[in-house]
1. For E172 and K159 in the same chain, what is the full-extension length gain: residue separation times 0.36 nm, less their Cα-Cα distance, in nm?
2. Report the FRET efficiency, 1/(1 + (r/R0)^6), for R825 and R690, where r is their Cβ-Cβ distance and R0 is 41 Å, rounded to 0.05.
3. What whole-number volume per residue, in cubic angstrom, does the convex hull of the C-alpha atoms of the stretch 616-769 give?
4. As a test question: what accessible area, to the nearest 10 Å², does H622 have when a 1.4 Å probe is rolled over all protein chains in place?
5. In whole Hz and in residue order, list the ³J(HN,Hα) couplings for the stretch 299-307 that follow from phi through the Karplus curve 6.51 cos²θ - 1.76 cosθ + 1.60, θ = phi - 60°; x for Gly and Pro.
6. Tell me the label-point distance for the pair L485, K577, using the 7 Å Cα-to-Cβ offset, in nm and rounded to one decimal.
7. Taking amide hydrogens as modeled 1.01 Å from N in the peptide plane, which residues meet the under 5 Å criterion relative to V814, leaving out close sequence neighbours?
8. Nothing charged except the Cβ atoms of Lys and Arg (+1) and of Asp and Glu (-1): what's the magnitude of the dipole of the stretch 494-553 about its Cα centre? Round to the nearest 20 debye.
Amino acid sequence: GQQLRDPFGFTRTTPHTARGDMATAAMPVVLFSGRSLARATPASNSRSATAPRLTAFHAGKNISRSNRRGPTSTQLTVRAGAGGVSRDDQPKDFTLKYLYDGGCTVCNALVKLLKSKRGHEKIWFEDIAESDFSPDKNEGISFEDAMATIHVIRAKDSKILTGMDALTSLYEITGMGWLFKLAKLPVLSSAAEIAYKMVTKNRQNIGGAADGFLALGRINMEEKGEGSCTDLEGECREKAPPVDEDADAAAAAADLRRAKRAEDKERNGGRTAAQATSSSGLETASRQPAVLTSGSLSDRRNILGVYDMRRSKSDARALRAAPVDTETGELIDELITIPLEDSELSTVAAALTSIIKHFGWQGNVGIGLPGRVVRTDSEAINETLDTIDEDDLEEREVPSSIANYGSAQQHARSTRLTGLANSAAEVSTSADSRNSRLEMESYLKNAVGRDVVAMAGAEATGFGEMFYGAGSTDRGVTLCVTLGLGIGVSLFDEGVLAHNPEDVERQLATWEFPRWDDASLPRLAILDGEVDPSEPEWERWAARVEHYLQRIEAVCKPDNFIICGRASVSFDKWASKMTNVTTPVLCAQQGLTAAVQGAAQGAREILTLRRDTARVRAAIGHSKGLSPQKLNDEQLGAVFDEFDTDMSGELSREELGNAITMLGVRMSDAELKELFVEMDSGMTGDITKREFIGWWQDSVGSSSVEIIHTMEEFEQVLDDAEGTDQMTVLMVGVTYCKPCKAFTKKYADFAERFNGARFIKVFGNENKDMTMLCRDTLKVKSTPTFYFFRNSEQVHMHTGANAGKFENFVMDNVRAGEPGFGSPRQFEEPVEDKRKAETAAR
């Protein structure tokens, strides 16, 4: 079979033809394939279909020649159009037939130039963008071939001229052949090329003075091989990128690995080979069927878990990753590690892209990143000193590595100045870090084309232990402490991740206090020649851990501690030496894979929470007749007052639950608790008005243009708009579309100007969810395509990146009282092709 490619970059394979029948046939067999077959299905995209061609077989062998430009003794060709059977629309006495792209303003400008010259009546202008364009009427020239370079068919002998030969024939027949001599002058040709691209957009205003530049510029571009179209204001005419054979091979290899793991599991009595030899294997895994999947964005069970870790014996970082079945915690594929060259977010994004490609992963991603301490400056240290610490301060200075961290505000400021891509890939575990996390996630989502949930590495490790390890049976308030080369903490209340209280965060300063410089984690002897740590070394380490846990006990009073990370490997060597900690101290059970499992499980929990958050937001918006994005602080304050039935100025969990029920949103007790904890950023047990408004603003976001990555997000956008009378504008593009890229800044400017509407954007070739949305639901045929909605109903659709055309439709659909209504035009009225408009009307 042959591989075909749709506009969104995904491949499909056609069935093999009956080659067996051909091999035994004594007579030649002719196989016809082409666009007429594709057109039989209304939803098909004629531009992406295979060009019609005739292929001759004899005894199963292809006896056609690859060059189908002209008939030969072994090539069968249907003679039509220029030199064959006459067509109904064929003009009389034409000499040349010019195939041009009517969807391109640049090509249309050249057509208008030619038609303005004497001799144009000898040219038959054939628009390849018309729905009735067919290669069998044009000497077998497909749409793709015509897009690659300019094509002209000579009537007298049906000879096909391309490139410079085609352009020469058009110019000579219209009396402009002399321009080719001018085009050879370097200075004039360079100026003409620049002017050409400017003039094509404004030819109606410039008039005939532009003709020379148009002609010269087109010659120069053809000589440079720029093809027949460089339009950035029309529809995309770029070919889809070639099939990524490496990605396909990686996906196939991943499928084989997962199948082999399933076979191993079946041979070992329902357990994977690793679990069959591990005393800490998951019992629940043996009761579950084998999972063979590459994930999907609607799949909340199978998620790719990724952990940004420090490599052994160094400060170098690496990403450890594996797909996880979150129902059982089982790794459904191999565990891989990819080194990182540096700690920048762009580097992490590049490595994450490679991981997704390796696993052929189409689903959601959870990633645990190094934690960033919010306040470890000298002021915070002074607030956490005890008497012994003060004595120690008199003897030694605070290391610059601690004193110079600075505040969260300083970090945020530097991040904005240097750009998110160049900032460190670190996540704060503090209560006020939600917005920075969402910015980081947005960057990673756009970089990898998957829904990504970011969390601190300590949180990922905590999720792993709370759901699959030491914390899966013990509930209450549990503090997971990840110890190794560094330290991280995550707090869970009855299994729900809570914000780290400020007092807990500030205790981290004492961990790095100078007194503990000689109390790093001892390393067990592994290699020949290495020596096991001495007893005093274990005692010194235990004293450091004990000091820290005692301070946490004083401000948090947890029910359990769980020691995670590398320190859990040697837990038996040092834990018994801590005699002054009253809270039970447990050892992690999942080892160094806990963070990978937890990153996946954490993503599942957080994605569920965000779904519930969106449902509550939409319900509140519907009750007020406004989109959630349009509610201001005053209106949100009024919502809070309605929820606060006892008028205490704070919301209890019961009040929040009653309000959500009144809104018609059903949530389980566990989901309600997660939502309550998310709102209660101060961990006080009640929600203040300030916390409620802050939660709302962070969850809604502030970007003028939202990029949608999943079908669920798109459906939520329409649900948000239902009953609010709000206008929603959707731009559909693909990543390789030049007009889409050129229109991006204008689209953001329109979103700012008409900020009463909601502007969203999707990339149709980003992932399978978006491909299905664009190809199957929206029936997108070319990009960019724009859709306008009122409430959740589509009211308009058009294609092409012409700013004047887009402005027309926005101003036609915006209503009195909405931002931007009645504002002066900023772009010229588009020049419509009457023939295409009449065709569209029919």
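The values are calculated or read from the model by the stated rules, or taken from the named source; none is laboratory data. Bear in mind that the values here come from a model prediction, so they are computed numbers and not experimental data. Cβ atoms come from the backbone with ideal geometry, glycine included; neighbour counts cover every protein chain shown. Quick note on the areas: whole protein, heavy atoms, side chains included, nothing else; ligands and nucleic acids left out. Shrake-Rupley method; radii C 1.70, N 1.55, O 1.52, S 1.80 Å.
1. 3.0 nm
2. 0.45
3. Cα-based convex hull of the stretch 616-769, divided per residue, equals 126 Å³.
4. Counting only protein heavy atoms, H622 exposes about 70 Å² to solvent.
5. Listing the rounded values in order: 8, 9, 8, 9, 9, 7, x, 9, 10 Hz.
6. The answer from the label model is 2.3 nm.
7. Under 5 Å from the amide H of V814: no residue qualifies.
8. With only Lys, Arg, Asp and Glu charged at Cβ, the dipole is about 160 debye.
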